[in-house]
């Protein structure tokens, strides 16, 4: 295959890391190749209902156009059958992200008896990405040792040890401090209070273009497995020291059969080579922990906790949390036209949870 064809194929696979596109592609392409797929992947059969055939036609014609740049039609067919197998399997396993539009912060409250957690995003298009992965242009095995190696490189850990550390400081304390002080950790902030998450989703009101130009969102996490919780510092420390790891590929695309060399904290390398789409799905699927141990007054005031993904492959700074069926996610969209009204309602009715008070909880006690 020439470079143009490969780029096109990779675009279909990881187009802007958009899971919805992958699901649509899988559903529309199913009918056309159903029998070929069954013959090729016997034992891994997946039946899906066909919908919106016009998208199937669009994808099929795109395949034909790409085939003009590939030597050997048989190779084209084999490659696309393999790709379709991945899409089908991916779609069958991915957890649907339900979306709802809201116009009042009270609509975020869920009356279903489930234990759920909330996170506010200024931009509804954002995915859940831990801060340490943003702009991390490295192909590495990120674990506890490598994380502190990154901190050593910019002097952050030295400052922490000089000004913050006490004799009883736990490894988890340091991670939590880095998350809140430098926004650089594998943690993602959630809260048990939906009003707080709504307030954070609307916290960029001072940036006129962003506030007026983008819908905001509240991500709701429903955890289905009690074993995913960590409720004390001792267990949090053990998890971070022994279990936490993310294999990171610094590339927009992942190529099957290619050997990737991932640097480890001691300077040696781990080799990663995945040859099938089904193995790729298993590698992409993350595990996660919910750490419910507050470490400071602000975190307590915000009813905060941490979500931490681990034991997965990360390509193009994307974690495919939709593949883990221990969790389901709901997204409440706050349309840009209603954001000012909703924020004003919080100021009026829930002043203690406006953005200013959430960042400085002591204001409540001074008023």
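Given the peptides 134-143, 299-308, arrange them by the average over their residues of other C-beta atoms within 10 Å, most packed first. The partial results should precede the final answer.
Working: 134-143: 15.7, 299-308: 21.2.
Ranked by mean Cβ neighbours within 10 Å, highest first: 299-308, 134-143.
Starting from the Cα-Cα distance between residue 238 and residue 253, subtract it from 0.36 nm times their residue separation and give me the gain in nm to one decimal. Each step should come with its number before you reach the end.
Working: separation 15, 0.36 × 15 = 5.40 nm, distance 3.31 nm.
Gain on extension, residue 238 to residue 253, equals 2.1 nm.
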(request) With a cut-off of 19 Å, note down the residues of region 239-259 whose backbone N falls inside the zone around a label point 7 Å from the Cα of residue 271 toward its beta carbon. (result) 247-250, 255-259
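Using the 10 angstrom Cβ neighbour count as an exposure proxy, how do 322, 258 rank, fewest first? Kindly include the intermediate steps, with their values, before the conclusion.
Values: 322 24, 258 13.
In order of increasing Cβ crowding within 10 Å: 258, 322.
Using a/c under 1.5 as the rounded threshold, could you call region 145-284 rounded, prolate or oblate? The axes a ≥ b ≥ c are square roots of the C-alpha gyration tensor eigenvalues, and prolate needs a/b larger than b/c, oblate otherwise. Show your work: numbers first, answer last.
Details: a/c = 1.56, a/b = 1.16, b/c = 1.35.
Oblate is the answer for region 145-284, as a/c is 1.5 or above yet b/c matches or exceeds a/b.
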(message) Among 190-202, 218-230, how do they line up by average Cβ neighbours within 10 Å per residue, starting with the highest?
(response) 190-202, 218-230
(message) How far apart, in nanometres, would the label points at residue 231 and residue 349 be if each is projected 7 angstrom from Cα along the Cα-to-Cβ direction?
(response) 3.3
(request) Grab the beta carbon distance between residue 159 and residue 126, set R0 = 35 Å, and tell me the FRET efficiency rounded to 0.05. (result) 0.75
(message) 7 Å from Cα along Cα→Cβ at both residue 363 and residue 182: what's the point-to-point distance in nm?
(response) 2.7
(message) Apply the a/c threshold of 1.5 to the C-alpha gyration tensor of region 236-367 and tell me whether it is rounded, prolate or oblate.
(response) prolate
(message) Please compute the contact order of region 98-366 in relative form: average sequence separation of alpha-carbon pairs under 8 Å and at least six residues apart, divided by the residue count, as a percent.
(response) 31
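None of the figures in this text is laboratory data; all of them are computed from the coordinates on show. Since this is a predicted model, take the numbers as computed values, not measurements. Heads up, the Cβs are rebuilt from the backbone with ideal geometry, glycines too, and the neighbour counts pull from every protein chain shown.
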